[in-house]
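As structure tokens, the structure follows; a few thoughts come after it.
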Amino acid sequence: MKRLRLDRWATQSQPPRNPRLQLRSRPFSHTVRPIASTRDLQQTCQHISRRGLATETTASDVTPAEDIELVAPIESGQKPTLKAPSHRRAPHSAKLSALHARLSLPSTMPLQTLARCLIDPSVDSRPGYNNAPFATLGQDLLGYYTSEHLICNYPRLPMPIIFAAQYAYVGSQTLAAMRKEWGVETVAAPGQEVDPGLLQLERVKPGKALDESGTMQLKDMPMAKRLGNKARRREELNERRGVGSRIVYDDEFGDLRSEPAVDTEPFAGAPISTAGESQDSSEDITTPVGTTVEAASASFVRALAGAIYLHGDASAVKAFHKDHILSRHLPLHTLFNFTHPTRDLSRLCLREGFEPPVARIISETGRLSRTPVFVVGVFSGNDKLGEGAGSSLNEARIRAAAAALRSWYLYSPPDTQIVVPSDVEGAVLKQGKVKQWKPQMVDMGEIVT
Amino acid sequence: MPLQALRTVAKPQNGLGAFILQCKRIDFHYCDWAGSSKGMNQFLTNNLAAFARNNPGVECTVSPRPGRHPVLKAQYMNGREKSICVRNMTPKEILEKADLLRNANGEKLRRTRKPVTSVNDSVRGVWSPFHGAEWKV
């Protein structure tokens, strides 16, 4: 069969590319077709205008976009349109059941819950239907299991490294990568008719995009969203920047807790347009803001962990964490960024009562050549703490001190000694294989703060 | 100033913990009329249900492609697609091709020159001229 040139014969039903042309054409079109349900209409409208035509729709089904848009904003008391597919369609989605099998999720977890995990708050703001409550639970669980693993296995890690390692294991970037590795695709645009096996999200609009009237750029609008609200605000930076305040006030990555983007205030002197507000007030309630694919993917993975906990037990989510997160490769020694390693090392030796560190050349070559190499070790008495090679004596000495510090910080007790708290407490008890709790050594962490 | 840390992303190691099959979807295209689809049509009626049951993690879709040869198209996690034309094949041969697509990882076929690849540094270390026995001419 020849390929259907959908774009050719659908051009009439699509809105013109330039939104201003569409504006001009509106007042002259008087044809308003009475159509049964407004909800279906709005769906079709979104369907057509955002995505082009899907293959199932035939030419007769398609209503010209102009007519629809005239009908769509009807009575003011009408219920806002949903943009997420119904949970009733979940058992019929091939993508969902394939995902369920691919992740070997417990059979107690129904497909409907998996479908709900894929619904971001940006498409359905009702907390009973989106994944936000699951994601909150899942984030806490994943953060808890990761932090106990890190602290019990590497008891001397300093706080900034723990934050960075947490981010590397369960940060939003990693979880977004996991979503891709699991083969979960995102919707091109949200709607009720899309497959429930896709990640449902409304993307944040780029600042250069035009608003609905097509006359202003979004970045000039009062509701323009600030991207990356993880960044620390300047005033907060001045008030508190210590590690202690990050432990107490901030999230598990040492970042500021991200406030809901709805609260973000417009910049000073932003023009406030009343016309736009009055038109879109109903839409704003359902979908206040868009989100990024990374944030939505991360909340999907977190929500899945939360859902596994709710439908199974703590051991199920612990196994999930071990299989999918702790199995990832993270070389911890690459996370360190020392500024004054020699100073830190001498403070460490002072604290632990070792002899003060002394750097000595172990070997050298080509001192007078263009590419000299010195191998320097730092010794405390007769014990060699670390060794490093560099093209100058100073570089080699600093590298040696950094190596010594890394080996101190990355100390790990023998495997038989490590008992994480979740091995002992909680739901694992009922399986009968209870580990005996041993008090774990946790060092004071950083040498110089 | 406290110790600085660098943010990275932990690398995936598929199969070390959970194993995710890299084939995520196989499309079966057939033609009702053409003779080259005879085996494919038999496969769809007799064998496809069992194939899908044995591979629950792979999404199987069936769609007509009238007037063309039957094709298997597989989509992979890395975003690539592999397709095999199965014209005039028997259901058994088609099943073999479907298994081939299912077991592939989506990468281009290339010769592996080194049998072992690792994310870790060598345990033995890099050879250094400054260590070990001294060597003299």
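Quick notes on this structure:
- Of all residues making up the stretch B:41-94, the number that are of a type outside the set (F, W, Y), within 14 Å of another protein chain (Cβ to nearest Cβ) and open to solvent by less than 40 Å² (accessible area, probe 1.4 Å): 13
- Neighbours by Cβ (under 6 Å, 6+ apart or cross-chain): first from the stretch A:354-368, within 13 Å of another protein chain (Cβ to nearest Cβ); second surrounded by 11 or more Cβ atoms within 10 Å (Cβ to Cβ): A:I361/A:V376; A:I362/A:V375; A:I362/A:G377; A:S363/A:V375; A:S363/B:F130; A:E364/A:F374; A:T365/A:V373; A:G366/A:P372
Residue-wise test of (1) within 14 Å of chain B (Cβ to nearest Cβ); (2) under 22 Å from A:V204 (Cβ atoms); (3) not in a helix (DSSP H, G or I).
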position: A:L99; (1), (2), (3): yes, no, no
position: A:M109; (1), (2), (3): no, no, yes
position: A:S125; (1), (2), (3): no, yes, yes
position: A:G128; (1), (2), (3): no, no, yes
position: A:A135; (1), (2), (3): no, yes, no
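- In the stretch A:390-405, the residues that are at positive phi never reach a residue that is open to solvent by less than 10 Å² (accessible area, probe 1.4 Å) with C-beta atoms less than 8 angstrom apart, at least six apart or across chains.
- Qualifying positions in the stretch A:87-97 - more than 11 Å from chain B (Cβ to nearest Cβ) and touching a helix residue (DSSP H, G or I) at 6+ places or on another chain (Cβ under 6 Å): A:H87, A:A90, A:P91
- Flag for A:S369 being of a type in the set (S, T, N, Q) and in contact with a Cys (Cβ under 8 Å, 6 or more places away or on another chain): no
- Hits in the stretch B:1-37 - residues which are surrounded by 13 or more Cβ atoms within 10 Å (Cβ to Cβ), assigned to a loop (DSSP other than H, G, I, E, B) and at the interface with chain A (Cβ under 8 Å from one of its Cβ atoms): B:P2, B:L3, B:R7, B:T8, B:V9, B:A10, B:P12, B:N14, B:G17, B:A18, B:I20, B:L21
The values are calculated or read from the model by the stated rules, or taken from the named source; none is laboratory data. Fair warning: this is a prediction, and the values are worked out from it, not measured in the lab. Note: ideal-geometry Cβ built from the backbone for every residue, glycine included; neighbour counts use all protein chains shown. Note: accessible area is taken over every heavy atom of the protein model, side chains too, but ligands, DNA and RNA are not part of it. Shrake-Rupley method; radii C 1.70, N 1.55, O 1.52, S 1.80 Å.
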